[in-house]
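The values are calculated or read from the model by the stated rules, or taken from the named source; none is laboratory data. Model, not experiment: these values are computed from the prediction. Backbone-built Cβ (ideal geometry, glycine too); neighbour counts: all protein chains shown. Keep in mind that these areas ignore ligands, DNA and RNA; they rest on the heavy atoms of the full protein, side chains included. Shrake-Rupley method; radii C 1.70, N 1.55, O 1.52, S 1.80 Å.
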Amino acid sequence: MQKRNILLSGLIIFSLFSAGANAKVSSQEAQKLKGELTPFGAIKAGNEDKTIPEWTGGLTEAPDGYKKSGQHHIDPFPNDKILFTITAQNVEKYKDKLTPGQLALFKTYPTTYKMPVYQSRRTHAAPKWVEENVFKNATTGELVRGGSGIKNAYGGVPFPILSGDESQKGLQAIWNHVTRWRGVFVTRRSSEVNVQRNGDFTPVTSQQEVFFNYYNPEGNEKKLKNVLFYYLSFTKSPARLAGGAVLIHETMDQIKEPRQAWGYNSGQRRVRRAPNLAYDSPIAASDNLRTADDTDLYNGSPDRYDWAYKGLKEVYIPYNSYKLSQGDVEYKDLLGVSHINPDLTRWELHRVHVVEANLKKGSRHIYKKRVFYLDEDSWNAAMVDQYDNRGELWRVSVAFLKNFYELPGVWTALDVFYDLQARRYHVQGLDSEERETRIFENKIPNKRYFKPSSLRRRGR
């Protein structure tokens, strides 16, 4: 009897372990990616009201006049008209398609905050080789270490078809955001600002270089060596900060191998480890308005939260946001006193995956709860509502998405982080005043390119 009980216990443990790790779907289920679903796992059909259209392949060609990567984008939909504008006066009419964070912004800034709504255009697309990898990942991708890492996936979102219980689906969805398609190698020169309550701001300009190792066209899952991407950032201005640099090696399983980070201080001319650049560590340039894992609306290990998938929902989100980053837009015209200029924004009705993260008992973070709204087509987090340790809505993060048609693929034009309690906000990714914006290349850098030993030389 004792032997039988031990055997049964072992089977139960094995069963639970397998359920926690298995996220892949059957070959038959994966065939939906070539039929009723898009290649990325979204519902191909539109909604019943015809306010969300069918996905027909996305935007894959640049409009006339666009010549090379790095040029400010030309709006491919210049003739689209505003269908209606949501304001604090009519917000009740639309509240079933708004998030708590959006409703809070209307309440906090009732006379100035508004959302001009345009027709919905499902512009997300990706190269064929990425689509093929997504199809392969559907039957191989797995969560590991309780969802703190992934394996058997490469070159595309690992879980295009969510499966399992609410917790597994929530983790799969956030990993799809973390691993979404954004090119192979990108160079970006942009500014971030902290807008004070009186509207004052001082741009901090930097150049970032990212090699998305997960999308290395010459690689595969075995060659990743647990590295998701390599990131370099060099501060260019103001003068008091110029020359500083940050290097990050982002891992796919941060329990097995934590994120590696280094910083270069130009005044001391020293490279030092930055082991605390994770979770809720404050980002200095943001004046404490953004945490390390707020960057990109979410990054890093999900191990401090319990995750739950709350389903698909129709929500007005920022999409095809080309006006924000055109070359004739000055920062002073874009950055308002309480929020960015709403006349330069574009909101569309899209389906989003709603994912809720609640802080685990015994874990520490300044956010007790976070609710993510992930674009169904691209898996980008479009918005996040963040709650403090009293359970009150504190911050609202917004990614103003657009299709980078030179890739092609949907990514953010800029990210805005609103602090409802301090009534200040932080913006990351401003580039309309730069000579060039993001430059995408398929190059694979030399192994020494992202080594700590090169930080001092390149930072200087």
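List of remarks:
- Applying a DSSP loop filter and a limit of 11 other Cβ atoms within 10 Å to the trypsin sites (Lys or Arg not before Pro) in the stretch 125-212 leaves R197.
- Tensor-based shape of the stretch 340-414 (alpha-carbon gyration tensor, a/c under 1.5 rounded, otherwise prolate or oblate): prolate
- By definition, a body whose alpha carbon gyration tensor gives a ≥ b ≥ c is rounded when a/c is under 1.5, and the chain falls into this rounded group.
- Dividing the helix sum by the residues of the chain, where each DSSP H run of 4 or more adds -39500 (n - 2.57), gives a mean residue ellipticity at 222 nm of -4000 deg cm²/dmol.
- Anisotropy class of the stretch 220-368 from Cα gyration tensor, a/c 1.5 cut: oblate
- Compared with the direct C-alpha span, the chain from Y331 to D388 gains 17.5 nm at full extension, assuming 0.36 nm per residue.
- Segment D303-Q119, extension gain: residue separation times 0.36 nm, minus the distance between their alpha carbons: 62.4 nm
- Among the protein heavy atoms of the stretch 244-348, carbon and sulfur supply 47% of the accessible surface, probe 1.4 Å, non-protein parts ignored.
- Along each principal axis, Cα extent of the stretch 192-292, largest first, Å: 51, 30, 26
- Take the Cα of S26, step 7 Å toward its Cβ, do the same at K67, and the gap between the two points is 5.5 nm.
- Per residue value of the accessible surface for the chain (all protein chains in place, 1.4 Å probe), Å²: 45 Å²
- Qualifying GluC sites (Glu not before Pro) in the stretch 299-398, where qualification requires a DSSP coil assignment and no more than 16 other C-beta atoms within 10 Å, comprise E330, E392.
- Spatial separation of Cα centroids for the stretch 25-39 and the stretch 140-174, in angstrom: 16 Å
- Accessible area of the stretch 361-403 belonging to carbon and sulfur atoms, whole % at 1.4 Å probe: 48 percent
- Cα centroid separation, the stretch 383-460 to the stretch 58-72 (Å): 21 Å
- Protein accessible area in the stretch 93-201, 1.4 Å probe - carbon and sulfur %: 47 percent
- The label point for K136 and the one for K34, both projected 7 Å from the Cα toward the Cβ, are 1.5 nm apart.
- For GluC sites (Glu not before Pro), the sites in the stretch 131-229 that DSSP calls loop and that have at most 11 other Cβ atoms within 10 Å are E218.
- A simple spin-label model places pseudo-atoms 7 Å from Cα toward Cβ; at R197 and S453 they are separated by 5.2 nm.
- Note on N446 and D80: with the Förster distance fixed at 35 Å, the Cβ-Cβ geometry gives a FRET efficiency of about 0.20.
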